[in-house]
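Peer 1: Before I ask anything, here is the structure I am working with.
The values are calculated or read from the model by the stated rules, or taken from the named source; none is laboratory data. Predicted model, so just to flag it, every value in this text is computed and none were measured. Accessible surface areas use protein heavy atoms only, side chains included; no ligands, DNA or RNA. Shrake-Rupley method; radii C 1.70, N 1.55, O 1.52, S 1.80 Å.
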Amino acid sequence: MEESESKTQFRLGQRVHSVSDPHRIGTVRYVGPVQGHSGTWVGVDWDNGDGKHDGSVNGVRYFQAKSERSGSFLRAQNLSPGISLLEALKLRYRGDTTKEEEDEMYVLSASNKRVSVQLLGKDKIQDKLSRFEELTGASLSYLGVGSLGGPCDIGTVLPNLKELDLTGNLLSDWKDVGTICTDLPALSALNLSYNLMSKDIVGLPQLKNIRILVLNNTGLKWKEVEILKDVLPAIEELHLMGNNIRTIEPASSFTVQGFDSLRLLNLEDNCIADWKEILKLSLLRSLEQLHLNRNKLSCICYPGNEMMNQLPRDYELDEKSFEPFQNLRCLLLGSNNIEDLSSIDSLNLFPKLVDVRLSDNPIADPGRGGIPRFALIARLAKVEVLNGSEVSLRERKDSEIRYVRLVMSKLQGNADDIHRLHPRFSELKDFHGIDYEKPSVGVAGPQKMASGLLSITLKCVGASIGEKPQLAKKLPGTTTVGKLKSLCETFFKLKSIKLKLFLQEEGSPLPVLLDDEMASLVDLGIGNGSTILVDEES
């Protein structure tokens, strides 16, 4: 009898978690005997890949796991099929909660960061279920929610619930999601991250009140997103992190259409490598924030007439609609593979773009042949926030002047070549009233030499160097990094210490290593008032 119950307790495709650890979640792939072992076993393919095999044991294959060691066999009593949503609600809010559980009570909001849920009346509802009506936000993360339970009206229990976090549970059926959204009339933000959602999206009602939907690490691709689009008429934020998305596949035509209210689209931690996929999002009229950190993009470009000509003839466009990415203000591109200056310059073509993240790309890392923060600011005419740090008016002015002087020190070729390599050079030179004069001889010689001196501050930071007062020095702009290291040995009386120098830039979270010993201060764009950190080789 016990063995018979075990066979029927779990079904193929069912989501389960380990009885001893609700964070260890997997999918049932096999129920039955295992050769050489008595009784009934349940074969599970674990989400985190923490198993023992690939679904085969001693040469016999029972199921195909997603990786070599993500599968394992367990007895039924070691697995849980989960609990209902209301049971989880009682468990979290009526029972005694640990500090760790209370720390988990959050939802992902506008910037996809943890925002603590306001647990109105939590102390009062410890002993009275009826007070659930006071909840406006609830976090039921990793509690094993696998169903809605028997016939019940969760809307009566939670009439004022606006935000619901169901991260890391056992949900997969979209019908359950539809019921939750329909029965909770006030619900506007729903987090389903780390639930392996079904690809079969049918029979979903219109989710008219949902404005924020978080579907991170749910296994959904863009094909499913296109289906969801039709039932989310009011969606403003859509988070799709970690879904291994490689392509954007519109239901029809070249570009994604609809999503009329979508302001934020989060596609971080995916596998998008071709910028052409991103261009398919260019006609989302309300899109203000596009998060693309940690993808595989190698270039950026602004869509031109060629793309616009691919639109279907029956797609109605007024004059303003022809402006791609017309409301995009924030574009996050950190930790990609962008390495060319033309990609940086193309960002100036986005009409309203003021917030850009480029950190951890080769082009923004001087150590990998990229350019420093001041040069990025100078090339990006409209950017107000770079890599999460505000660009003040003072920093912009200083950066543009340093950039012009740097370009002047390397001027070669004709005007066309200069404009191609440095599109903003002439504009910035004229705007700041900087005239380029070659050094002259004679009476003006000493004057020119004096004007070529840079006032810099040298500051020791090496652990074994000891405390030394910082020094203000005036040095020729032609001083090389190698020469400056030698001067620092003299200035600070340092012997037998191999030095390395860093430029500490205003507004930049990390100093820039000066690793080219032959480069001059002018070559590196170092201007008056700069701070050089003197450190030791590790």
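Peer 1: Ranked by accessible surface with a 1.4 Å probe, highest first, in what order do Y302, Y194 come?
Peer 2: The residues order as Y194, Y302, largest area first.
Peer 1: Additional query: How large is the accessible surface of K483 in square angstrom, using a 1.4 angstrom probe and rounding to the nearest 10?
Peer 2: 110
Peer 1: Using the Karplus curve 6.51 cos²θ - 1.76 cosθ + 1.60 with θ = phi - 60°, what ³J(HN,Hα) values do you get for each residue of segment 212-220, in whole Hz, with x for Gly and Pro?
Peer 2: 10, 10, 10, 10, 5, 6, 10, x, 7
Peer 1: Would you mind checking which residues have amide H under 5 Å from R24's amide H? H placed 1.01 Å from N; only 5 or more apart, or other chain.
Peer 2: Residues meeting the amide H criterion: S18.
Peer 1: Using a ≥ b ≥ c from the Cα gyration tensor of segment 183-298 (square roots of the eigenvalues), is it rounded, prolate or oblate, where a/c under 1.5 gives rounded and otherwise the larger of a/b and b/c decides, a/b for prolate?
Peer 2: prolate
Peer 1: Check L454: other-chain or 5+ apart residues with amide H under 5 Å from its amide H, H built from backbone geometry?
Peer 2: L475, G477
Peer 1: Let me ask another. Probe 1.4 Å, all protein chains in place: accessible area of K382 in Å², nearest 10?
Peer 2: 80
Peer 1: For V145, list long-range residues whose amide hydrogen, built 1.01 Å from N in the peptide plane, is under 5 Å from its own amide hydrogen.
Peer 2: I83, L170
Peer 1: Same structure, new question: What figure in square angstrom, to the nearest 10, would you give for the accessible area of V31 with a 1.4 Å probe?
Peer 2: Rounded to the nearest 10, the figure is 40 Å².
Peer 1: Quick one: order R11, R373, R24 from most to least accessible surface, probe 1.4 Å.
Peer 2: Working: R11 150, R373 20, R24 55 Å².
The ranking, largest first, comes out as R11, R24, R373.
Peer 1: Considering only protein heavy atoms, with the full assembly of protein chains and a 1.4 angstrom probe, order R420, R131, R94 by accessible area, largest first.
Peer 2: R420, R94, R131
Peer 1: Shifting gears a bit: Answer rounded, prolate or oblate for segment 162-203, using the Cα gyration tensor with square roots of eigenvalues a ≥ b ≥ c: rounded when a/c is under 1.5, else prolate when a/b is larger than b/c, else oblate. Write down the numbers at each step before the final one.
Peer 2: Details: a/c = 2.57, a/b = 1.22, b/c = 2.10.
In terms of gyration-tensor shape, oblate.
Peer 1: What shape does segment 474-524 have by the C-alpha gyration tensor, where a ≥ b ≥ c are the square roots of the eigenvalues, rounded means a/c under 1.5, and otherwise prolate means a/b greater than b/c and oblate the rest? Show your work: numbers first, answer last.
Peer 2: Values: a/c = 1.84, a/b = 1.30, b/c = 1.41.
Note, shape of segment 474-524 comes out oblate.
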